[in-house]
Amino acid sequence: MADRVTVIGWDGSPLTAAARSALGAATLVAGAAHHLALTEVPPAAERIRLGSVALAARRIAGHRGTAVVLADGDPAFFGVVRTLRAPEFGLEVEVVPAVSSVAAAFARAGMPWDDAQVVVAHPRTLRRAVNACRAHTKVAVLTSPGAGPAELGLLLEGVHRTFVICEELGTEREQVTVVTSDKAADHTWRDPNVVIVVGGTAAAPEGGGWIAGRDPSAGPRGWTLPAESYGGLMGESELEPLRAAQLARLGPRVGDLVWDIGCASGAFATEAARAGAAVIAVDRDPQACSRTEANARAFGVQLQIVHGNAPHILENLPEPDVVRVGGGGAAVVSAVADRRPQRIVTHAATRDDAELLGRDLTEHGYDVECALLQSVELDTRAWTERERSVVFLLSAVLPDRAG
């Protein structure tokens, strides 16, 4: 095992005295091509071109001498330090950090970033990164080949965002470009790059926030809110006990895309968005779309609202993770199941209707649960019954996507 492993961050500025000292004593240096070309790298040191960090870690673990790993920005922030410290390699490392590429990107843009979400986009995580950009008003995306500005722009179709694209930060080829998301695919962007994605209507916290990223305590307390919070009278499909049960079954979270079909007032869509998920709210009634937009704006959340008849309007929507079917019946439930989301919730007024929906979901390969959900609202001034609701709640989980 290497006698000493030092990880040095580099942001294009001159190396610190600590970094120069560690690098001068190195018998093995790992890094990208532009790192290995630095004049401070000892000519006699073994050099490893850093592609797979795991492979480099194995080489370092077997090295007898002093090793240095060079990385862009802060190597402890979505960087190589996590892999090098993994138990299978047994490496203890010292870190000499630099300004992270995210901090540098926001500095170039002249923007604060304590209220930003920070996500990593690889081909395997690209869709989740896009969903974060749908749901939040300020997101920094650390991109990779095949999951860069062009791909982000293409997958954000239907949602307007502004991209601040920072290419090759800290080098002589550094460039900062501002484009709208729909134009990002019209250009070839150089790696590495960071994309700042901004847009939407949520207001910044007064006097600055107290927690980085999205403030989980923003807005009123509670998973679900009473009808008065959304403008008054609601239909049975939107009553608070049913919404709470549906929200609990679906468990929307950051990185998810939720479909809310038959959004009505937008109560469920708003509450899913408050949980951090991206939401597409669908309704055939233009007034319902207007109410949903107004409620989303009132709560400061981002929704994409689609006016049209399900199931036909669903054909061109991006792939969902979880879906609430608030209206449309068996045909809509079947069309949703064809898209294979992880979870589906819906409800029925009668047992026969519930059996029909449950049978169809089972035939699509879902594990189905059904519960009779009864709620009685009491007037606590006289303790008399004010309103009663009885529905069958169906929840379906796809076994091979149950995570």
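The values are calculated or read from the model by the stated rules, or taken from the named source; none is laboratory data. Note that this is a predicted model, so its numbers are computed, not measured. No Cβ is skipped: glycine too gets one built from the backbone with ideal geometry, and neighbour counts run over all protein chains shown. Keep in mind that these areas ignore ligands, DNA and RNA; they rest on the heavy atoms of the full protein, side chains included. Shrake-Rupley method; radii C 1.70, N 1.55, O 1.52, S 1.80 Å.
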Name the pairs whose Cβ atoms lie under 6 Å apart, with the first residue in region 1-17 and acidic (Asp, Glu), the second assigned to a loop (DSSP other than H, G, I, E, B) and at pLDDT below 90, and 6 or more positions between them or separate chains? ASP11/GLY170
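Run down ARG173, ARG214 and say which single residue is modelled with pLDDT under 85, assigned to a loop (DSSP other than H, G, I, E, B) and more than 30 Å from GLU377 (Cα to Cα).
Residue meeting the stated conditions: ARG214.
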For a quick check of your reading of the model, give me the residue pairs whose first member lies in region 355-367 and is more than 15 Å from ARG343 (Cα to Cα), whose second is part of a helix (DSSP H, G or I), with beta-carbon atoms closer than 6 Å and at least 6 apart or on different chains. LEU356/ALA330
Residues in region 26-50 that are within 18 Å of LEU91 (Cβ to Cβ) and under 31 Å from the mean Cα position of the chain (by Cα): how many? 2
Got a number for residues in region 45-97 being in contact (Cβ under 8 Å) with a residue 60 or more places away in the chain and among the β-branched types (Val, Ile, Thr)? 8
Residue satisfying condition, being surrounded by fewer than 16 Cβ atoms within 10 Å (Cβ to Cβ), in contact (Cβ under 8 Å) with a residue 60 or more places away in the chain, under 30 Å from GLY326 (Cα atoms) and in contact with a strand residue (DSSP E or B) (Cβ under 9 Å, 6 or more places away or on another chain), within set GLY262, GLY199, GLY251: GLY251
Before we move on, is ALA244 within 25 Å of CYS370 (Cα to Cα), open to solvent by 10 Å² or more (accessible area, probe 1.4 Å), among the hydrophobic types (A, V, I, L, M, F, W, C) and part of a loop (DSSP other than H, G, I, E, B)? no
In the list ARG274, ARG284, ARG297, which residue meets the criterion of being open to solvent by 10 Å² or more (accessible area, probe 1.4 Å), touching a Phe, Trp or Tyr at 6+ places or on another chain (Cβ under 9 Å) and not aromatic (Phe, Trp, Tyr)? ARG274
Residue count, region 363-399 (criterion: under 17 Å from ARG249 (Cα atoms) and open to solvent by 60 Å² or more (accessible area, probe 1.4 Å)): 6
Mind checking whether some residue in region 183-202 is within 25 Å of SER395 (Cα to Cα) and either under 24 Å from the mean Cα position of the chain (by Cα) or in a helix (DSSP H, G or I) (or both)? no
Here is a check on your reading of the model: is LEU23 modelled with pLDDT of 95 or more and over 31 Å from the mean Cα position of the chain (by Cα)? yes
Considering LEU361, LEU398, which residue is more than 26 Å from the chain's Cα centre (by Cα) and among the aliphatic types (A, V, I, L, M)? LEU361
Taking first residues from region 184-196 that are open to solvent by 10 Å² or more (accessible area, probe 1.4 Å) and second residues anywhere that are at pLDDT below 95 and in a strand (DSSP E or B), the pairs with Cβ under 7 Å that are 6 or more apart or on different chains are PRO192/ASP72
Considering residues of region 20-35 that are farther than 24 Å from SER52 by Cβ and in a helix (DSSP H, G or I) only, the residue least open to solvent (accessible area, probe 1.4 Å): GLY24
